[in-house]
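The block underneath contains the structure these notes are about, expressed in structure tokens.
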Amino acid sequence: MTEFFIPSGEGRAEYTEKRSRFLGVVHPAETEEDAKAFIAGIRKTHYDARHNCWCYRIQDGTERYSDDGEPQGTAGLPMLEVLHRENVTNAVCVVTRYFGGILLGTGGLLRAYTKAAKDALHAAGISAVRSWTACRVTCPYALFERVRAVVPVFSGVTEAVDYGASVTLSLVVPAEEVPAFRDRIIDLSAGSVTVEEGNSVQKAVPISK
């Protein structure tokens, strides 16, 4: 399976523009049915809002969006573009607007819906789904910062650090990057530090928050 990106969890954000409140939420959705159910739940919660605009992208290629009464192209599509720019799938985004009595115009709506969606996605965080290999690296404190700096070079993620007599980093590295990562650690430590490799597992790992 090739790498793809999903929301790490649910993220919410609020944005106010000329007294209109925009409530953005991004939520994981593995199927179109999941996305539709989430949208229905938001509509029920915010039944009194002027607009509940939405979009979703599913890993199987399904994409949908709705402006829910806003001028065409000012809400659902720019929200979907936020997911496209971050290459995020299996995600549903809803932005609820409570109208503040002042018209925002096309440009203002585009900016507001884009910002609410972007901020909600940022709050959710992004995870990479791929084959990850668990690794442990134990090194002296003198090498700790250099070792830690190498991890992201190979798209790895440090999950925990144990500070004892030495420093032990528990991390995951993309399976295909492990040989090169191991060689770099050996080189920078002149062979004094090695990489303990565990199992490779297909899973989602947070890469941003």
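At-a-glance table
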read-out: Checking Glu176 against (1) in a helix (DSSP H, G or I); (2) at pLDDT 95 or above; (3) not β-branched (Val, Ile, Thr), the condition it does not meet; value: (2)
read-out: Qualifying position, being surrounded by 14 or more Cβ atoms within 10 Å (Cβ to Cβ) and part of a strand (DSSP E or B), among Ala123, Ala112, Ala204, Ala160; value: Ala204
read-out: Residue selected from the range 35-45 under the condition more than 20 Å from Val82 (Cβ to Cβ) and not polar (S, T, N, Q), by the criterion surrounded by the fewest Cβ atoms within 10 Å (Cβ to Cβ); value: Lys44
read-out: Verdict on Ala91 being of a type in the set (Gly, Ala, Ser), closer than 17 Å to Arg12 by Cα, surrounded by 21 or more Cβ atoms within 10 Å (Cβ to Cβ) and assigned by TED's automatic domain parsing to the domain that holds Glu14; value: yes
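The values are calculated or read from the model by the stated rules, or taken from the named source; none is laboratory data. What you see is a predicted model; the values in this text were computed from it and never measured. Note that each Cβ is placed from the backbone with ideal geometry, even for glycine, and that neighbours are counted across all protein chains shown.
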